[in-house]
Amino acid sequence: MTDIPISHILFVSTALFFIGMYGLFTRRNMITMLMSIELILNSVNINFVVFNKYLYPDKLDGIFFTIFIITIAAAEAAVAIAIIINLYRSHRSIDVETAEEMKY
Amino acid sequence: MTASQVIFYILSAFILGTAILSVTTTKIFRSAIWLLFSLIGVAGLYFWLEVEFIAAVQIVVYVGGIVVLIIFSIFLTQQSGKEMVKPRMLRTIASVLAVLFGFALTYFLIYKNDFQAGDKSFDWSVGKIGNQMLATGENGYALPFEVVSILLLAAMVGCIVIAIKAPADVSVATKEQVEIKEKEIAE
């Protein structure tokens with residue numbers, strides 16, 4: 001377990017974060033942007049668990065933060081998808097470029 | 001190389017490869033499926049880190065909940081086999097450069113900061129997590145727990161409020177469509 005240095009695990013989480021950023025920059029479809037956000041949240045979760053396990057093994061705070069982030073991500077996905085489906089009903093498109101006016 | 005190291009590098013390659021495919025593929029349904037594999041890989045990483053509770057939560061909430069929700073919304077909003085519009089070349093190049101630069105900077109900072117792992121083994125159990133989650137004293141997480149439950153309630157109410165306005169819009173749209181069709185038939 002200790003034969004992997006922390007920096008290698010942090011490499012994975014950093015790479016996952018910036019892959020999510022790339023998706024957020026290039027995608028213009030709301031559902032795929034939501035998927036990129038899920039990737040970013042996952043990389044944050046990995047960071048919390050790894051720091052908790054390796055640097056502060058006698059505490060549990062990283063685990064709690066991970067649990068709360070997962071909960072909030074679930075709530076966020078539910079609300080985001082409700083908004084996306086409502087937008088699709090009124091605009092017939094979920095592209096962020098076509099949804100220009102806020103009031104309909 | 002020990003078996004643990006081999007497993008870690010295979011898992012990392014799996015997570016990153018499927019994540020890259022998820023953000024680059026042009027078909028939205030495939031993108032969701034690659035995201036599913038990436039999230040399963042992250043759950044595998046938690047198993048490798050020996051935090052089985054978080055791995056189980058990851059599988060139940062992300063793989064079983066969020067990805068299924070995303071796939072539902074894909075089916076509700078568009079044809080899953082349709083190709084998405086590709087981003088413009090300039091935007092792709094600029095994004096790749098920005099992301100590579102950000103990654104290089106961040107990883108340079110991480111690499112220079114030499115994290116020293118302690119020798120103590122990570123001591124967690126579901127009982128300890130549950131006790132600390134509902135403790136009100138020092139290091140207790142009772143207040144965040146309550147706040148998160150209020151947040152979930154608010155999200156639930158919010159979803160209902162967003163969804164409940166829709167039937168009027170839909171009926172108006174269908175009435176208009178019916179009128180247009182009637183006109184077409186009359187002509």
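The values are calculated or read from the model by the stated rules, or taken from the named source; none is laboratory data. These numbers were taken from a predicted model, which means no experiment stands behind them. Heads up, the Cβs are rebuilt from the backbone with ideal geometry, glycines too, and the neighbour counts pull from every protein chain shown.
Test of understanding: among A:T98, A:T26, A:T2, which residue is at pLDDT 90 or above, at negative phi and of a type in the set (S, T, N, Q)? If you could, list the steps in order and put the result at the bottom.
On the way: A:T98 fails: at pLDDT 90 or above; A:T2 fails: at pLDDT 90 or above.
That would be A:T26, the only listed residue that is at pLDDT 90 or above, at negative phi and of a type in the set (S, T, N, Q).
Anything in region A:1-33 that is more than 7 Å from chain B (Cβ to nearest Cβ) and within 11 Å of the chain's Cα centre (by Cα)? List them, or say none.
Hits for region A:1-33 are A:F17, A:G20, A:L24, A:M33.
Collect the residues in region B:109-134 that are hydroxyl-bearing (S, T, Y) and part of a loop (DSSP other than H, G, I, E, B), keeping them in residue-number order.
Passing the criteria: B:S121, B:S125.
Filter region B:1-16 down to residues that are aliphatic (A, V, I, L, M) and facing chain A (nearest Cβ under 7 Å), then give me how many there are.
2
Would it be correct to say that A:S36 is surrounded by 17 or more Cβ atoms within 10 Å (Cβ to Cβ), under 12 Å from the mean Cα position of the chain (by Cα) and closer than 19 Å to B:W48 by Cα? It would help to see each step written out before you state the result.
Numbers: surrounded by 17 or more Cβ atoms within 10 Å (Cβ to Cβ): yes; under 12 Å from the mean Cα position of the chain (by Cα): yes; closer than 19 Å to B:W48 by Cα: no.
No: the conditions fail for A:S36.
Being under 15 Å from B:I66 (Cβ atoms) and small (G, A, S) is the filter here; which residues of region A:74-104 pass it?
Selection gives A:A74, A:A75, A:A77, A:A78, A:A80, A:A82.
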